[in-house]
Amino acid sequence: MKEIYTKYKTAIWLWGVVALALLFRWFRYFESELLERDTLGYLQMGKLWATEGVQSAYSRSHDLYYSAPPMLPALMALGEMTGIGSLNVGLWVNLLAGASISLALYVICRLLFEDPRYALWAAILGAVHPFTLRLSALVMRDIPYVSMVLWAIVCGVLAVEKRQMRYWFLFSLFAVLASLFRKEGTELILVFCGWSCWSLWRERAHMWKELWYLCRAGVIIITVFLVCLLPVQIYLQKNTDCTWGIYNQEWMSSMYHKITVGDFAGEYKEKQQH
Amino acid sequence: MIIIKILLAYIGNLLDVSFAILPILLVAAMFGLKSFKKNAALQFFIITAGVFLGWRTLFCFYNGGGISDRYIMILPLLFTVPAVAGIPVLSRWLVRLLAWKNIKVREQTVVWFCLIVISAISLGKALNPPDRKPYVHEIADYLKSHAGDGALMIDATADGGRIVFMGDLKVENRGVSKFSRNHEMFLKEFKAVMADPANAGRRIFLCVRVSSPDEFVTACRTALGGFPFVSRYSSRIKKDTVLLYEKIETPVE
């Protein structure tokens, strides 16, 4: 018994922490007697999607949910169709995504620190982080998004360390999943752009070799991202009232205007007056 | 000046989401930088954290200071990674402090002590039960037994969706602005719903949360020239009262 513990000590501790993370989140779920308002919106969307199709899910839901990315309502609709129940599916997606945050933090820290114990401590901190723990027990899009982002970072860290294209492929896949939960998942493309600039400057002695490597990685990432997301966006925008998209033209132009004019104060003053 | 105010509000939000322990660990981690591997993975991670922090800061300015806690919650999780380096530093300081008092403890023991303390505080905060709203269940029960299918509930509490869900009601829920937040907006929206010919002949319920029910009724009478509603349920929540009114044909003074 002692031999087995010594051999698998880290794995036992790590999976113990993940199991505890799941248990705490489960416990928190039973503490809350009411569902969040957003949860009710997603439940309605999931049920409408399952019974009347995606058009009804977007057109008959509240205005607030027109811009909701399709992943969570789709999963909840699947739960409704299979008889598992939309609320159960939504809850389990959140609980598992929340518990997997500890695992993702463990892998990141394992690659970043000399001492492997640090990774386990990070997993513990991730498991008990109050705000994350509370949010994991709700049926919302935020925790699955955060979890997918962290797993994309895991793949990114592995990709730059091992210099293998398959990790960039996985990085892109997780970025797609993150974008399907919240459109901010697109930020991961910015992360790759930032890394490319830094990497080119760092390897300026072998710039062409590095450029070739980054171009290959970039092509993989952009292709996976667009191939997976564009058809979904085009279908939803053509056939439903959904306004979700990987690129928000209106928001970007407004942001550009604010940056160039430097007018950040207007909105603040309006809010204060309100 | 406004930019500083926005920035301070943003930092305040960030500290709220992070929970007090994380900033302390981050400060301690500044003294434990040697524990990091100096590799490409670390550089990638720093760039990632920089992009996420920068983008959210930009969004905060774009939004005029208001930013949801849920939107920035990825940042504390990213900062957990460098914060871990602060745990052994804090433990080392504690060991030295105890040694000064002639108490000898192994550093590893202190590390686990720190982790247990952090976990206990965090769990205490996380598992603190949320606010109870018994009126949601009670109003749902009342409507289930008294309101028939097709009734209309004008909801000014923002809990209408929950009431309908909890009671599994076949009642239409129409949300309007809260009275306590903006009287004029509430009265305008309320008036519009009441004047809608589609609602004529329907059973209409009104659910509000107000600090003074008398002030609310007076404001409605003045604005609408009468308040043809009768109270069916009321409950005190902190300093407010939650009320359920039902429309009647003959106004009661």
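Here, each number is a calculation from the coordinates, and none is a lab measurement. Since we're looking at a predicted model, the values are computed, not measured. Here the Cβ positions follow ideal geometry from the backbone for every residue, glycine too, while neighbour counts run over all protein chains shown.
Sorted from largest down, what three extents in whole angstroms do the Cα atoms of the stretch B:134-247 have along their principal axes?
That works out to 37, 34, 20 Å along the principal axes.
With the dipole of chain B worked out from charges on the C-beta (+1 for Lys and Arg, -1 for Asp and Glu) around the Cα centre, which of B:Leu7, B:Pro130, B:Gly148 lies farthest toward the positive end?
Going by the Cα projections, it comes out as B:Leu7.
Report the net charge of residues surrounding B:Arg202, where surrounding means a beta-carbon distance below 12 angstrom and charges are Lys +1, Arg +1, Asp -1, Glu -1. Walk me through the numbers on the way to the answer.
Values: positive: B:Arg174, B:Arg203, B:Lys247; negative: B:Asp149, B:Glu172, B:Asp196, B:Glu246.
In short, -1.
Could you tell me the convex hull volume per residue, in Å³, taken over the Cα atoms of the stretch B:56-165? Before the final figure, lay out each step's value.
Working: hull volume 21.9 nm³, N = 110.
So the per-residue hull volume is 199 Å³.
Is there a quick way to get the dipole size of chain A? I mean about its Cα centre, with the Cβ of Lys and Arg at +1 and of Asp and Glu at -1; what is the value in debye to the nearest 20?
840
Looking at the calculated P(r) for chain B, what percent of the C-alpha pair distances fall above 24 Å? Walk me through the intermediate numbers first.
On the way: 20796 of 31878 pairs.
Result for the distance tail: 65 percent.
Tell me the Kirkwood radius of the stretch B:2-126: reciprocal of the mean inverse pair distance over distinct alpha-carbon atoms, in Å. Spell out each step's value before the answer.
Working: mean 1/r = 0.0611 Å⁻¹.
With all distinct Cα pairs of the stretch B:2-126 included, I get 16.4 Å.
Please compare each pair in B:Lys5/B:Lys191; A:Lys162/B:Lys125; A:Lys162/B:Lys34; A:Lys47/A:Lys183; A:Lys2/B:Lys37; B:Lys38/B:Lys125 to a cut-off of 28 Å on the Cα-Cα distance and tell me which ones are over it.
Values: B:Lys5/B:Lys191 39 Å; A:Lys162/B:Lys125 40 Å; A:Lys162/B:Lys34 23 Å; A:Lys47/A:Lys183 23 Å; A:Lys2/B:Lys37 32 Å; B:Lys38/B:Lys125 35 Å.
Violating the 28 Å Cα-Cα cut-off are B:Lys5/B:Lys191; A:Lys162/B:Lys125; A:Lys2/B:Lys37; B:Lys38/B:Lys125.
Which value results for Rg/Rh of the stretch A:4-81 when Rg is the Cα radius of gyration and Rh the Kirkwood radius based on the inverse mean 1/r? Working shown, then result.
Details: Rg = 18.6 Å, Rh = 15.0 Å.
Computed over Cα atoms, the ratio is 1.24.
Using only the alpha-carbon atoms of the stretch B:1-65 as identical scatterers, what base-10 log of I(q)/I(0) does the Debye formula give at q = 0.23 Å⁻¹?
Taking Cα atoms of the stretch B:1-65 as identical point scatterers yields -1.07.
Treating chain A as a set of equal point scatterers at the Cα positions, no solvent, please give the Debye-formula log₁₀ I(q)/I(0) at q = 0.07, 0.11 Å⁻¹.
The Cα Debye sum returns log10 ratios of -0.32, -0.79.
In degrees, nearest 10, range 0 to 90: what is the angle between the Cα axis of helix B:183-195 and the longest Cα principal axis of chain B?
40
Considering all alpha-carbon pairs of the stretch A:141-247, what whole percent are spaced by more than 25 angstrom?
Details: 1386 of 5671 pairs.
It works out to 24 percent of all Cα pairs.
Note the direction-averaged projected area, equal to a quarter of the hull surface, for the Cα convex hull of the protein assembly as shown, in nm². Walk me through the intermediate numbers first.
Details: hull surface 127.4 nm².
Dividing the Cα hull surface by four gives the mean projection, 31.8 nm².
Taking springs between alpha-carbon atoms closer than 10 angstrom, which of A:Val154, A:Val227, A:Val107 fluctuates most in the Gaussian network model of chain A?
Answer for the Gaussian network model of chain A: A:Val227.
Give, rounded to the nearest 20 debye, the magnitude of the charge dipole that the stretch B:40-109 has about its Cα centre when Lys and Arg contribute +1 at Cβ and Asp and Glu contribute -1 at Cβ. List each step's numbers first, then the result.
Values: 7 positive and 2 negative charges, 82 e Å.
Once rounded to the nearest 20, the dipole reads 400 debye.
Tell me, how many Å apart are the Cα centres for the stretch A:36-109 and for the stretch B:199-249?
Computed from Cα coordinates, the inter-centre distance equals 35 Å.
Cut-off 17 Å, label point 7 angstrom out along Cα-to-Cβ of B:Ile4: give me the residues of the stretch B:62-101 whose amide nitrogen falls inside.
Output list for this probe position: empty.
Would you calculate the convex hull of the Cα atoms in the stretch A:132-182 and tell me its volume per residue in Å³?
Numbers: hull volume 2.9 nm³, N = 51.
In the stretch A:132-182, the Cα hull volume divided by residue count equals 58 Å³.
Step by step: find N for the stretch A:60-209, compute 2.2 N^0.38 Å, then divide the Cα radius of gyration by it. What's the final number?
In units of the globular-protein estimate, the stretch A:60-209 measures up at 1.20.
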